[in-house]
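Inspection log for the structure reproduced underneath, given as structure tokens.
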Amino acid sequence: MTSNTAPPRQPIAIPRTVWVLGVVSLLMDISSEMIQTLLPLYLVAGLGASAIAIGFIEGLSVAIATVTKLFSGMISDWTGRRKPLAVLGYGLGALSKPIFPLATSIGWIVVAKAVDRVGKGIRGTPRDALIADVTPPEIRGASFGLRKSLDTVGGFVGPLAAIGLMLATDGDMIVIFWIAAIPAFLAVALLIIGVKEPEQPPSSSKGMPRFRDARRLNRAVWIVIGVSSLLTLARFSEAFLLLKSQQAGLSLAWIPVTMVVMHAVYGLTAYPVGYLSDRIGRRSMIALSLVFLIAADLALATAQTLPMLFAGIVLWGLHMGFSQGILSTLIADSAPQNLKGTAFGVFNLATGLTVILGNVAAGLLWETWGSASTFLAGAVVALASLAAVPLLSAARQPAQ
């Protein structure tokens, strides 16, 4: 006697390509965080930079990355190829790492950051578009969350390595910068060997990719871009978290522990949040992320002790875990299949421009009225972003 009961639905496995791209991100992030965790301190103590200069350098780095993200996204749609651009981007990131220990002035640091950010800009958009290409919509949130989680494992392994090496080398940052190059080159090798992209038809557009191709993006994509830009304005560079840690009383060798804690929280939450968003929706996750950001800003604005500092750092990590993978997933949900690279490129351009404004403003506020003003301003903008979250209800549309 046969049963009419349908067999239980088998869970869909996350594609191997997503796992490999996650590990590649992990290795590159270990390298980058080993340098980035110490760089603000090196700029201030070793090269005499101000908070305004740090804000400018961070903002310029983001500007370079965002412009290249737009071009790489458009080119990846035009050619139908994602992997070559990703390899080029990760390769430039690896090649930038030896410049940091060789730098003798702020100008050379700017050059190193520029090369690194060009690489980041080139690789980020085709990598995200490749994840969207290989992942079924039913597990898209989990896939982007997994990639973010693996990336952020590097985000706390890197600072942990920096702490251990600071203690082992008696604070020799130059040696640490040299060691940081090793995982970057391993990331490039793994990407070349381990990723095989699916066949994608090249764009039907004639000639080279054009900026006006962005006008073909649908309303849903533009809503995500607009809300994401406002949210990004509220969250400035983690360089200011490191400077705040020094103010709160952490010794130089132990300041990287703030990034260990932040990235540990971020990494542990990104995948579960992405998985959950596949089942209950994305909008509530973004709203919660902003609540965490407001609480983080208020804690950091008033932090005079280490417990209050680390409360703010944990809340900041929760904000990152609840927002970053979800925003990428919303773009993947909303963009037409033949314009996913362009959509990610425009998304990264728009959010990157707002990061520039946020970083420069954060530096000016810090120098003029102190660190509390920087975090209080962030809380105000985050509150405004929270009011815009309902607009995302129109963002999830089937790709055309």
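The values are calculated or read from the model by the stated rules, or taken from the named source; none is laboratory data. Because the structure is a prediction, the values reported are computed rather than measured. Cβ atoms come from the backbone with ideal geometry, glycine included; neighbour counts cover every protein chain shown.
Just wondering, is there one or more residues in the range 256-273 that are closer than 16 Å to LEU146 by Cβ, out of contact with any strand residue (DSSP E or B) (no Cβ under 8 Å at 6 or more places or on another chain), buried (at least 23 other Cβ atoms within 10 Å of the Cβ) and modelled with pLDDT under 85?
Yes - at least one qualifying residue is present in the range 256-273.
Of the residues SER143, SER96, only one is without any contact (Cβ under 8 Å) to a residue 24 or more places away in the chain and crowded, with 24+ Cβ neighbours inside 10 Å; which? Don't jump to the end; show me each part of the working.
Details: SER143 fails: without any contact (Cβ under 8 Å) to a residue 24 or more places away in the chain.
Among SER143, SER96, only SER96 is without any contact (Cβ under 8 Å) to a residue 24 or more places away in the chain and crowded, with 24+ Cβ neighbours inside 10 Å.
Would it be correct to say that PHE344 is in contact with a Ser or Thr (Cβ under 9 Å, 6 or more places away or on another chain), aromatic (Phe, Trp, Tyr) and at pLDDT 85 or above? Walk me through it before giving the result.
Details: in contact with a Ser or Thr (Cβ under 9 Å, 6 or more places away or on another chain): yes; aromatic (Phe, Trp, Tyr): yes; at pLDDT 85 or above: no.
Against the criterion (in contact with a Ser or Thr (Cβ under 9 Å, 6 or more places away or on another chain), aromatic (Phe, Trp, Tyr) and at pLDDT 85 or above), PHE344 does not qualify.
Between a residue in the range 366-381 that is of a type in the set (Val, Ile, Thr) and any residue that is buried (at least 20 other Cβ atoms within 10 Å of the Cβ), which pairs come within a Cβ distance under 6 Å, given they are 6 or more apart or on different chains?
Final answer for the pair search is THR374/ALA362; THR374/LEU365; THR374/TRP366; VAL381/LEU233; VAL381/ALA234.
How many residues does the range 299-308 hold that are buried (at least 23 other Cβ atoms within 10 Å of the Cβ) and modelled with pLDDT of 90 or more?
Narrowing the range 299-308 to residues buried (at least 23 other Cβ atoms within 10 Å of the Cβ): 300, 303.
With the extra rule that they be modelled with pLDDT of 90 or more, the set shrinks to 300.
The number of residues fulfilling the criteria is 1.
Out of everything in the range 145-169 that is assigned to a helix (DSSP H, G or I) and among the polar types (S, T, N, Q), what residue ends up being farthest from ILE131 (Cα to Cα)? Show your work before the answer.
Taking the range 145-169 first, the residues assigned to a helix (DSSP H, G or I) are 145-168.
Subsequent filtering for residues that are among the polar types (S, T, N, Q) retains 149, 152.
Values: SER149: 14, THR152: 17 Å.
The extreme case among them is THR152.
Looking only at the range 99-128, which residues are in contact with a Ser or Thr (Cβ under 6 Å, 6 or more places away or on another chain), small (Gly, Ala, Ser) and in contact (Cβ under 8 Å) with a residue 24 or more places away in the chain? Spell out the reasoning first.
Initially, the range 99-128 is screened for residues in contact with a Ser or Thr (Cβ under 6 Å, 6 or more places away or on another chain), giving 112-113, 115-118, 121-122, 125-126, 128.
Restricting the remaining residues to those that are small (Gly, Ala, Ser) gives 112, 121.
Scanning the range 99-128 gives a single hit, GLY121.
Given the condition surrounded by 24 or more Cβ atoms within 10 Å (Cβ to Cβ) and of a type in the set (S, T, N, Q), answer yes or no: does some residue in the range 360-376 qualify?
yes
Just one of the numbered conditions (1) among the polar types (S, T, N, Q); (2) free of Cβ contacts under 8 Å to residues at least 60 places away in the same chain; (3) surrounded by fewer than 24 Cβ atoms within 10 Å (Cβ to Cβ); (4) assigned to a helix (DSSP H, G or I) is not true of THR354; which one?
Unmet condition: (2).
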